[in-house]
Amino acid sequence: MILKVAKEKNGITLIALVITIIVLLILAGVTIATLTGDNGILTQASKAEVETRGGAVQEARDLWESNKALDDATNSSSAQTLDELLADLEEQKLLTSEEVAEVKETGQVTIGSRTIVFGTGETTLVEAFNAGEIKVGDYVNYTPDSNSPVNLTEADTGYGTTQTYSVDSSTTWRVLGLSEDGNHLLLTSGSPIKKNGEDPYLVLQGATGYLKCVDTLDKAASVYHNSTLAEDTRSMTMKDIENVLGGITVTLPEEGSPNTGTVTFNKDASHTIIGQTTSYRSYTYTAEDYTPEGAATLTHATAGTKANGDGYMIEYNYDGYQELGLDIIDRRTYDMLFKDTTEEEGYSKPYWLASPGVDAYSGFANFGLGAVVNGRAGSGGASIFRSSGRWGSGGFAVRPVVVLKSNVTVDQVKVVSDKTEATWSTSYGNNYGSGNIED
């Protein structure tokens, strides 16, 4: 008998091949996820590399700070400058060129989970002010751009003649204090600024002058802007005056009361000083009255509506407050804000404040701007329009305020010696004209 032996099959079936491929794909997917997922090996390695780099930069910054502190203590200058430190870190591949630029722009950089603060390498004006190294009233070397003249037309001022402002290179600049948020140093001109021409004062007239006053005053002040140093350039306001005086709380009279309100200097809150404020809290319009908004079209007010009496005035008597023991501001600061505004000084330098307000009385409401005149600072006290339809014109100087950028340093705007302010031979004008809108 011949036996036949079956040959053994060594191949694999199609099904087994498919299953094998599927298993391999699954294993590949798991491997890729392990390597590249959010928690993958490569991702974690990359994060670790960034964190390590951030730690190295932090250590270099800390060492730099220590070296600077040692320099300060020993009156030496061995520490690197900020630019030198950043150049070294970039050369060592610890900072990219983009990160170096970010440090120079913002004073800090974020690497991984770390935000590393370098500062600018120089003391900012805000830091110097907070440290007492710069004070209110100090003169500084601020220089505006060569700006084009600003023309203020009747549409801006309500007055029929175009009035022009351009940069006067002899204008001096003084420290006014910090902005309300504490992030910017404020400057103002050492003396109010003049407009071009023989008459130095900005004339504002009637309802238009009242309604447009903030924009108009800011526009006049804008000629002293510096695009590199200044965040903003605007007109001085009543709030600026109050901040310099240490903060003020104004209590207006109750509705319907003819009593004068009170003004409290917060710097010495134990002593309340009575200030001149609006006589009434509001004025109720009659059908014959006009609002400033309706004056141009001779549109009467709606009877029964009200104008809120929010105007007030602070009479600041330096010598009198010294006698009371209230050392609110020093003489230099007082002279910066109030000198040459009184009758004894010839009323030469009163200036507008971009703080419109309403003085309310029993028979009418006065609409006016803020102003510093006769040693007083007021909101709404310089009336140029009345609810009865009466208009007037007033002429005062302009006082610009420069809001410096937060990163401006003491090397960019330096404190200089006190200057002598120019004298003005002209007294302010109150008689540019008056009349009734119905005439």
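With Rh defined as the Kirkwood radius, the inverse of the mean 1/r over Cα pairs, the Rg/Rh of segment 95-213 is 1.15. Scaled to the globular estimate 2.2 N^0.38 Å, the Cα spread of segment 184-248, given as radius of gyration, is 1.26.
Straight-distance candidates among the aspartates and glutamates for linking to Lys349, with alpha-carbon spacing under 12 Å and chain neighbours fewer than 8 residues away dropped: Asp335, Asp340, Glu421. Using a 1.4 Å probe, how large is the accessible area of Asp319, given in Å² and rounded to the nearest 10? Here the accessible area works out near 90 Å². What the Cβ-Cβ distance of Asp335 and Ala155 gives, at R0 = 30 Å and to the nearest 0.05, is a FRET efficiency of 0.25.
Close amide H pairs (under 5 Å, H built 1.01 Å from N) link Lys306 with Tyr285, residues at least 5 positions away or on another chain.
With each label modelled as a point 7 angstrom along the Cα→C-beta vector, the Asp145-Glu198 pair spans 3.5 nm. Amide H contacts under 5 Å for Ala301: Asp289, Tyr290, Thr291, restricted to partners 5 or more places along the chain or on a different chain, H placed in the peptide plane at 1.01 Å from N. Set the Förster distance to 60 Å, then compute FRET efficiency between Glu91 and Ile26 from the Cβ-Cβ distance, nearest 0.05. The computed FRET efficiency comes out at 0.80.
The HN-Hα couplings worked out from phi for segment 295-308 by the Karplus form 6.51 cos²θ - 1.76 cosθ + 1.60 (θ = phi - 60°) are 4, 4, 9, 6, 8, 6, 5, 7, 4, x, 6, 10, 10, 6 Hz, whole numbers, x standing for Gly and Pro. For segment 82-94, 3J(HN,Hα) computed residue by residue from phi via the Karplus equation (6.51, -1.76, 1.60; θ = phi - 60°) reads 4, 4, 5, 4, 5, 5, 5, 5, 5, 5, 7, 6, 8 Hz, glycine and proline entered as x. The Cβ shell under 11 Å around Tyr351 holds other residues with a net charge of +2, Lys and Arg each +1, Asp and Glu each -1. Qualifying trypsin sites (Lys or Arg not before Pro) in segment 77-120, where qualification requires a DSSP coil assignment and no more than 10 other C-beta atoms within 10 Å, comprise Lys93. Here's how it looks for Val408: its modeled amide H is under 5 Å from those of Leu125, which are all 5 or more places away or on a different chain. Within the straight-line cut-off of under 16 Å between alpha carbons, the aspartates and glutamates reachable from Lys405 are Glu105, Glu122, Glu127, Asp145, Glu180, Asp181, Glu231, Asp232, sequence neighbours fewer than 8 places apart in one chain being disregarded.
Relative to the Cα centre, the charge distribution of segment 379-429, modelled as +1 at Lys and Arg Cβ and -1 at Asp and Glu Cβ, gives a dipole magnitude of about 260 debye.
Place a label point 7 angstrom from the Cα of His300 along the Cα-to-Cβ direction, then list the residues of segment 344-386 whose backbone nitrogen is under 15 Å away. No residues fall inside that zone.
The values are calculated or read from the model by the stated rules, or taken from the named source; none is laboratory data. If you're wondering where the values come from, they're calculated on a predicted model, not measured in any experiment. Positions of Cβ are backbone-derived with ideal geometry, glycine not excepted, and every protein chain shown enters the neighbour counts. Protein only, heavy atoms only, side chains kept; ligands, DNA and RNA dropped before computing areas. Shrake-Rupley method; radii C 1.70, N 1.55, O 1.52, S 1.80 Å.
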